[in-house]
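Below: the structure, in structure tokens.
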Amino acid sequence: MSSIPQTAAPPRGSLFYDPRVRGLAYQLLLVLGLTFLIYSAASNAIENLRAAKIASGFGFLSTTSGFDINQRLIAYSAATSTYGEAFIVGLLNTLLVAAIGIVLATILGFVVGIARLSSNWIVAKVAKVYVEMIRNVPLLLQLFIWYNAVLKPLPPPRQSLDLGAGFYLNNRGLFMPDPVFGAGAGFIGWALVAGIAGSIAFRIWARKQQEATGRQFPVGLVALGLIIGLPVVTFFAAGSPITLNYPSLRGFNFAGGLQIFPEFVALLVGLVTYTAAFIAEIVRAGILAVSRGQTEAAHSLGLRNGPTLRLVVIPQAMRVIVPPLTSQYLNLTKNSSLAVAIGYPDLVQVFMGTVLNQTGQAVEVIAITMAVYLTISLVTSLVMNIYNRRVAIVER
Amino acid sequence: MAIATEPVAHSVAYVRAAPVDTQPPPTLARGWIAWVREHLFSSPANALLTLIALYVVYSVVPPLAKFFIFDAVWDGQDRTACLADGGQEVGACWAYVKAKIFYFVYGSYPFDLRWRVNIVFLLGAVGIAWMLWLDAPRRNLGAFYFFVIFPIASFLLLRGSDTFNIERVDTSLWGGILVTLLVSLVGIVFSLPFGILLALGRRSKLPVVRLVSVIFIEIVRGVPLITVLFMANTMLPLFLPGNMSPDRLLRPLVGVALFASAYMAEVVRGGLQAIPKGQYEGAMSLGLGYWQMMRLIILPQALRIVIPGIVNTFIGLFKDTTLVSIVGIFDLLKTVEATLVDPTWATPVTRATGYAFAAIFYFICCYGMSRYSLAVERRLAAGQKR
């Protein structure tokens, strides 16, 4: 072998071996392939839709729907409302069950997660059995069990289970007193707002005082007093403007009061118990991730158990807990779509079920539904990422 | 200072020369009483918790045991065995499960061809064991068997083929545990390779490849599986040329495979990110190209790390297969539902029994897989332990 000339420019290889050219070629190939795939799918779809005489476009949203929805948060009637309104009703029902479910699942999940770490043997075992039983059985089966095997066999309205305080449980759902807002009820709402604002102001002031003087104030107690006390005082001052409308048995069903449908109860209970089992494991892992040294160091600084947990352990555990907790919240929201199996009128049941069947406009309906879930996912991840950035460790 | 010397010490009566016999520990500090005191009644609050927990156990376990075991009916020809006609309480009707068990396993698969399903179960068990047993010989051959030979063989056996003169069985007859396992296995067999490709794409330096992978993964992970199944069910026939109508069972399979791939991609990406940069650089300095580097150096290490993650994804996928029942596929849950309308076994306890059977089946499978995943995790962590 002769020696390689040192000063010569590197030999120009064939274009075939140039990584940049190759990269460009791969990407071009990918783009072409995808374009072809999308183009042929779209042209087939147009062809098929024309053959089946199905309209396209989003005009159907303003046609009259003609079907009824039993649970609705906005005014809706089969005769006058449109598909667009049916969509809003379904979306609100999804958001309702997801929001309540997230709050309850978080509470139950934290309780079970902490119970799993309890020094009390039997409490820890009960929590463990709960988590393992719930996590290893499909959610859909659990929903069927709650709906078909627990709530459906309940007695009819005449033999309702009386839970006391105007609460009745029967196979048509849960009946409870309905608050009726009289004149002046608005003041109570404003009192609540004022209470929350006052608590926040007091907290800011208390923190400044503590930083300046070291003196601590009972922020929690004051906030509790303001948020609960102010509305209560206003309630009596305004002459009890909120009255309760109790459900009463008339004929074969209850009249008056607030009826919560069994579909909603089954879906909520199923989602909460299922998600709580996963949250419990996340909480447990998060607390275990905070090393014992942190607790010992806090104790050696003279902090008692409560402040140690509140000021040292939980803030660090939250750092580990928050990202997986977010994905559990998203899972709960997405799992609420299983409502379709037990007939709770959520977005999927109303829109992808009834509206899709009536209009046949699969592409538009499915695109809208997916876009809604995608938006919820992306917004939640965005908010949680911002929170996560705030609690993340700042390194160097 | 009085420092006693040896002989003096011996002569003094109160200095002991022989060791004392060991005493049993005081029962209040050791033993079960102490254990109960420490673990159950260490403080009033703890005692209260114990009592609450005991009450929960008392109000849940005895009724369930009574219903599913002591009052259960184990044998019988039809519903009369499970009806409370004699006034005694009747628990779960296991006789109904016994009578329907073959329907739960095979669905409506033709009776005299069920041996083919049994062979597929056997082949699958061999493949899974080969893949899961980390010290098994020739695991690369096992992977080839599981991802290539096994799917083709099961397709031929289950569906039949005209060219090999195996009798065709229409997919509408398949059902039960067969379909549950089929959907989850198709999910894993397709999602693993496709998920690896997506994960590599997401970490690629080529912007278009990265963008396409990210969009696919995020869209699929952002929507519920049921919408993907609905899409596969209603839109797949639309996207294909008019005369092609995909099989009813194939549509949800496509949906499940795509859905699982996106989740698998994220698991694999976690493994890729955990491989230190030196491994990549080392591979490149040896002159390996991209695919050689991935195939020989990076993926073997990355996939090994994420075995627990893959198994956990698989557990989720296995539970999610129940959703295909919503789009009309006869998986285990749907076959259970279908038997509930059978008048031969219509009793007040049939539904609870059917659900309990399904729950036990899913629990055993999922719990077993999660135990396996934990064992692998412990084994992988053994190297890091000091």
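The values are calculated or read from the model by the stated rules, or taken from the named source; none is laboratory data. Keep in mind that what you see is a predicted model, and the values were worked out from it rather than measured. Quick reminder, even Gly has a Cβ in these numbers, built from the backbone with ideal geometry, and neighbours come from all protein chains shown. Surface areas here come from the heavy atoms of the whole protein model, side chains and all, with no ligands, DNA or RNA. Shrake-Rupley method; radii C 1.70, N 1.55, O 1.52, S 1.80 Å.
What length, rounded to one decimal in nm, is gained on full extension from A:R292 through to A:A52, with 0.36 nm per residue of separation minus their alpha-carbon distance? Before the final figure, lay out the partial values.
Details: separation 240, 0.36 × 240 = 86.40 nm, distance 6.75 nm.
Difference between extended and current length: 79.7 nm.
Please tell me the relative contact order of the range B:170-381 in percent, rounded to the nearest whole number, where contacts are Cα pairs under 8 Å and at least six residues apart.
Working: 213 pairs, mean separation 59.8, N = 212.
Once normalised by length, the contact order is 28 percent.
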> Over all residues in A:363-374, what is the mean tally of Cβ atoms on other chains that come within 10 Å of each residue's Cβ?
Replying inline: 4
> In nm, to one decimal, how far is the B:A65 label point from the B:Q292 one, both placed 7 Å along Cα→Cβ?
Replying inline: 6.6
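Apply 1/(1 + (r/R0)^6) to the Cβ-Cβ distance of B:V126 and A:W121, taking R0 = 35 Å, and write down the FRET efficiency to the nearest 0.05.
Values: r = 42 Å, r/R0 = 1.20.
For B:V126 and A:W121, the calculated efficiency is 0.25.
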>> For chain A, take every pair of Cα atoms, bin their distances at 10 Å starting from 0, and report each bin as a whole percent.
In response: 4, 13, 20, 23, 18, 10, 6, 3, 1, 1, 0
> How do the peptides A:169-181, A:17-29, A:322-334 rank, highest first, by the average count of neighbouring beta carbon atoms within 10 Å per residue?
Replying inline: A:322-334, A:169-181, A:17-29
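In peptide A:116-126, how many Cβ atoms from other protein chains are near each Cβ within 10 Å, on average?
6
Output the Kirkwood hydrodynamic radius of the range B:31-70, Cα pairs only, in Å rounded to one decimal. Present the calculation step by step, with values, prior to reporting the outcome.
Details: mean 1/r = 0.0875 Å⁻¹.
Kirkwood hydrodynamic radius for the range B:31-70: 11.4 Å.
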>> Need the list of aspartates and glutamates near A:K128 for cross-linking: C-alpha distance under 16 angstrom, and skip anything on the same chain fewer than eight residues off.
In response: A:E281
> Which whole-percent values make up P(r) of the range B:170-381 when all C-alpha to C-alpha distances are grouped in 10 Å steps starting at zero?
Replying inline: 8, 27, 30, 21, 10, 3, 1, 0
>> Running a GNM on chain B with Cα contacts under 10 Å, which residue among B:A34, B:A99, B:A199 ends up with the highest mean-square fluctuation?
In response: B:A34
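Report, in debye and to the nearest 20, how large the dipole of the range B:254-341 comes out about its Cα centre when Lys and Arg carry +1 and Asp and Glu carry -1 on their Cβ. Could the numbers behind the result be given before it?
Details: 6 positive and 5 negative charges, 51 e Å.
The dipole of the range B:254-341 has a size of about 240 debye.
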> In the protein assembly as shown, how does Rg compare with the Kirkwood Rh, expressed as the Rg/Rh ratio over alpha carbon atoms?
Replying inline: 1.02
> In peptide A:331-342, what is the residue-averaged number of other protein chain Cβ atoms found within 10 Å of each Cβ?
Replying inline: 4
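Which FRET efficiency value, to the nearest 0.05, is calculated for B:R371 and B:I152 with the Förster distance at 30 angstrom and r the Cβ-Cβ distance? Please list the in-between numbers first.
Details: r = 31 Å, r/R0 = 1.04.
That pair, B:R371 with B:I152, gives E of 0.45.
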> Spin-label point model (7 Å from Cα, Cβ direction): what's the B:D112 to B:W133 distance in nm?
Replying inline: 3.7
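How big is the antiparallel share of DSSP beta bridges in the protein assembly as shown, given as a percent to the nearest 5?
On the way: 19 of 21 bridges.
Antiparallel: roughly 90 percent of the beta bridges in the protein assembly as shown.
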>> At 4 °C and a viscosity of 1.567 mPa s, what translational diffusion coefficient does Stokes-Einstein give for the range A:72-124, taking Rh as the Kirkwood radius over Cα pairs? Give it in µm²/s as a whole number.
In response: 93
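When the dipole is taken about the Cα centre of chain A, and only Lys, Arg (+1) and Asp, Glu (-1) are charged at their Cβ, what size is it in debye, to the nearest 20? Could the numbers behind the result be given before it?
Details: 27 positive and 14 negative charges, 225 e Å.
The dipole magnitude comes to about 1080 debye.
Using the Cα centre of the protein assembly as shown as the reference point, and only Cβ charges (+1 on K/R, -1 on D/E), how large is the resulting charge dipole? Debye, rounded to the nearest 20.
Details: 59 positive and 36 negative charges, 450 e Å.
For this selection, approximately 2160 debye.
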>> What distance in nm separates the two pseudo spin-label positions at A:N305 and B:L83, each 7 Å out from Cα along the beta-carbon direction?
In response: 5.9
>> What percentages make up the Cα-Cα pair-distance distribution of the range B:118-168 when the bins are 10 Å wide from 0?
In response: 27, 45, 22, 7
> How would you rank A:254-261, B:177-184, B:73-80, highest first, on the average number of other Cβ atoms within 10 Å across their residues?
Replying inline: B:177-184, A:254-261, B:73-80
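Based on the alpha-carbon gyration tensor of chain B, what equivalent-ellipsoid semi-axes (square roots of 5 times the eigenvalues) come out, in whole Å, largest first?
Numbers: eigenvalues 522, 307, 80 Å².
That gives 51, 39, 20 Å for the three semi-axes.
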> Between A:I260 and A:Y17, 0.36 nm times their residue separation minus their Cα-Cα distance comes to what?
Replying inline: 80.7 nm
> Of the residues B:P343, B:P26, B:P224, which exhibits the maximal mean-square fluctuation in a Gaussian network model of chain B defined by a 10 Å Cα contact cut-off?
Replying inline: B:P26
>> Give the lysines whose C-alpha is closer than 26 Å to that of B:K98, dropping any in the same chain fewer than 8 places away, or say none.
In response: A:K152, B:K66, B:K319, B:K334
> What residue among A:V89, A:A127, A:F144 has its Cα farthest toward the positive end of the dipole of the range A:63-147, where the charges are +1 on Lys, Arg and -1 on Asp, Glu, each on the Cβ?
Replying inline: A:A127
>> Can you tell me the length gained on complete extension of the stretch B:D342 to B:S245, counting 0.36 nm per residue apart and subtracting the Cα distance?
In response: 31.7 nm
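Run the accessible area of the protein assembly as shown with a 1.4 Å probe and give the carbon-and-sulfur part as a rounded percent.
Working: 29440 of 43770 Å².
Roughly 67 percent, rounded to a whole number.
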>> If I build a Gaussian network model for chain B, linking alpha-carbon pairs within less than 10 angstrom, which residue out of B:G368, B:G91, B:G289 has the largest mean-square fluctuation?
In response: B:G289
> By residue number, which cysteines of the protein assembly as shown lack any other Cys whose Cβ falls under 4.7 Å from their Cβ?
Replying inline: B:C365, B:C366
> How would you order B:314-324, A:145-155 from highest to lowest mean count of nearby Cβ atoms within 10 Å?
Replying inline: B:314-324, A:145-155
> List the aspartates and glutamates whose alpha-carbon lies under 15 Å from that of A:K334, not counting same-chain residues fewer than 8 positions away?
Replying inline: A:D346, B:E218, B:D320
